[in-house]
Each structure stands twice: as C-alpha cells, then as structure tokens.
1. Scan around Thr50 for amide H atoms under 5 Å from its own, H built in the peptide plane at 1.01 Å from N, and keep only partners 5 or more places away or cross-chain.
2. Starting from the Cα of Asp139, step 7 Å along the direction of its Cβ; do the same at Asn69; then give the gap between the two resulting points in nm.
3. Give the residue list of GluC sites (Glu not before Pro) in the stretch 69-145 that are DSSP loop and have at most 11 other beta-carbon atoms within 10 angstrom.
4. Report ³J(HN,Hα) in whole Hz for each residue of the stretch 60-69, in order, from the Karplus equation J = 6.51 cos²θ - 1.76 cosθ + 1.60 where θ = phi - 60°; Gly and Pro get x.
5. Above 27 Å lies some portion of the pair distances; for the chain, what is it as a whole percent of all C-alpha pairs?
6. Treating only the Cβ of Lys, Arg, Asp and Glu as charged (+1, +1, -1, -1), what charge dipole size does the chain show about its Cα centre? Round to the nearest 20 debye.
7. Using modelled backbone amide H atoms (1.01 Å from N, in-plane), which distant-in-sequence or interchain residues come within less than 5 Å of His143's amide H?
8. Tell me, what ³J(HN,Hα) does each residue in the stretch 129-141 have, in order and in whole Hz, if you take phi through Karplus 6.51 cos²θ - 1.76 cosθ + 1.60 with θ = phi - 60° and put x for Gly and Pro?
Amino acid sequence: MLWLLELNLFALITVLLMQHRIQQRLQQQHAHQRYRQRPLLTGPQSTQTTLGQQAVVNFSANDYLGLANHPKVIHALQQGAEKWGVGAGAAHLVSGHLSPHEDLEQALASLTNRPRALLFSTGYMANLAVISSLMEKTDTALHDRLNHASLLDGGRLAGCRFLRYQHVDMDHLQ
Ligand SMILES: Cc1ncc(COP(=O)(O)O)c(C=O)c1O
C-alpha cells in the first residue's frame, strides 16, 4: 500500500512540475512575442478566403496552383473516397500502399521522365526522408538561415554537422 502512495505522490509531483514548466514556457513565448495561434479559416482555402467573419486575401498559403479548391480535384477526391474509403489503414511499408498511390507514383514518374517517384503526404515528411537518407554523420549541410525547418530537422535526424549562413548571403557562406 505504501509503495502505491509513494508512486501516486511521485506522479502528482511530476505533473505539477510539468505544468509549471509549460506555464513558464508559455510566458516566455508571450514575452518574446513568439506565441503563435492557428488562424481559423471559416471558408475554403483559396486566394480569397474568410478569417473569422472577415473576408481576406490570402498571401500566406502554399496552394500556388489553386488545386485545394479546384472542382475537378474535389470531384476526383469524392469518387476516390467512394471507391477506396478515407484511410490507408497502415504505413505504406506495412499494408497501406493502395493501387491509386502506385498509379499516381507511376504517372508522376512518367510525367517527369524519371524511373520512379515516391509520394509523401507532406513536404515536411519528404524533406526529412530525403535528407536523413542521403546525409551521414560525417557530412556537413550548409543552410541558408531562412531555410524551412524540415531541411534543418532532416539534417538533425541524419546526425550530420550543419552550418548556417545569412539569408542569400554568398559572402557569408564562403
Ligand atoms: C521548402 C519547403 N519545404 C517544406 C515545406 C513543408 O511542406 P508541408 O507544409 O507540405 O509539410 C515547405 C512549406 O512551405 C517549404 O517551403
């Protein structure tokens, strides 16, 4: 019984310490004006969208080709969901590689005139996979200071050394 009490006390102290740490970090983020919140879009992703009640022009998205809200893409997605459901169920290497994925990879490889293509669900995942596969501990990655976090994290995962230079400053790089 005593050990159970000690365990609960230990768990309680751990939770309180964690809460304290989280509060401190949140305060730091506020103090440095680095506290971030997710803008809530109340209309579909597009060049013009709705943020809360306000109509806005969206300059911050990566949907450069306007595919996120394209009628043909929406239709294809609806048809795909009817036929294939809405989840692969597992990682591709286990049992989640469906024939529409394979067809798309082959179509992209042929479109870009390459022997194979490999799809990732986000750019972040693609950069992590490519960099951590290609780089080794003995390699050095040179990073523009404003490089996307996924490029830095890929290098971290590979365990390689990295040096950062000022944004587009070739003199600093040299
Ligand atoms: C160079 C670069 N890599 C990776 C990403 C991350 O892509 P995603 O949002 O699909 O994870 C971005 C997003 O802006 C990017 O600009």
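Values quoted throughout were computed directly from the atomic coordinates according to the rules given, and no laboratory measurement underlies them. All values derive from a computational prediction rather than experimental measurement. With ideal geometry, Cβ positions are generated from the backbone for all residues, glycine too; neighbour counts draw on all protein chains shown.
1. Thr42, Gly43, Val56
2. About 3.9 nm separates the two model spin labels.
3. Answer in residue order: Glu136.
4. Those phi angles translate into 9, 8, 9, 7, 4, 8, x, 7, 4, 10 Hz.
5. 59 percent
6. In total the dipole reaches around 400 debye.
7. Those qualifying (amide H under 5 Å, at least 5 residues apart or on another chain) are Leu163, Arg164, Tyr165.
8. 5, 5, 5, 5, 7, 7, 8, 10, 4, 7, 8, 10, 9
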